[in-house]
Amino acid sequence: MVKSNLKAIMDSRGLSIRKVAGDLDYRFETVRRMYNDDMKHYPEDLIDKLCTYLDIGVGELLKHKKDAGK
C-alpha cells in the first residue's frame, strides 16, 4: 500500500495546504486529498511539482507500507 507523507512534511515546515496549492498553481482539493492521504491515484505532475517545491525525493513523499491483511 502506498501512503502519502505530505502532511508530516508540510507540518514540519509550517506550510498550509492553501499556500502550497497556490504556489504550485494546483487545485486546492487535490493537494488537500494528498495531504490527508485520501487518494487512490497520485497525479504524476503533482508528485513532480511537490518534490521540486519541497526539494525532496519521491521516496520521502510517498511511503510503501505492507498491507497487514496480506
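Coordinate-derived values only; no laboratory data. Note that the structure is a prediction, hence the values are computed from the model and not measured. Neighbour counts are summed over all protein chains in view; Cβ atoms, including those assigned to glycine, are modelled from backbone coordinates with ideal geometry.
Quick rundown of the values:
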| quantity | calculated |
| --- | --- |
| Nearest-20 debye value, the chain charge dipole, Cβ charges on Lys, Arg, Asp, Glu | 360 |
| Burial ordering of 52, 30, fewest other beta-carbon atoms within 10 Å first | 52, 30 |
| Full-stretch length increase - residue 16, residue 40 - with 0.36 nm per residue and alpha-carbon distance subtracted | 6.4 nm |
| Relative contact order %, the range 2-64, counting alpha carbon pairs below 8 Å whose residues are six or more apart | 50 |
| Correct option for Cα Rg over 2.2 N^0.38 Å [calculated from the coordinates] among [x] 1.07; [y] 1.41; [z] 1.62 | [x] |
| Lys pairs, the chain - Cα-Cα below 23 angstrom, 8 or more residues apart or on other chains | 20 |
| Net length gained if the chain between residue 64 and residue 2 were fully extended (0.36 nm per residue, minus Cα distance) | 21.9 nm |
| Additional length obtainable on full extension of the chain from residue 25 to residue 47, 0.36 nm per residue less Cα span | 6.6 nm |
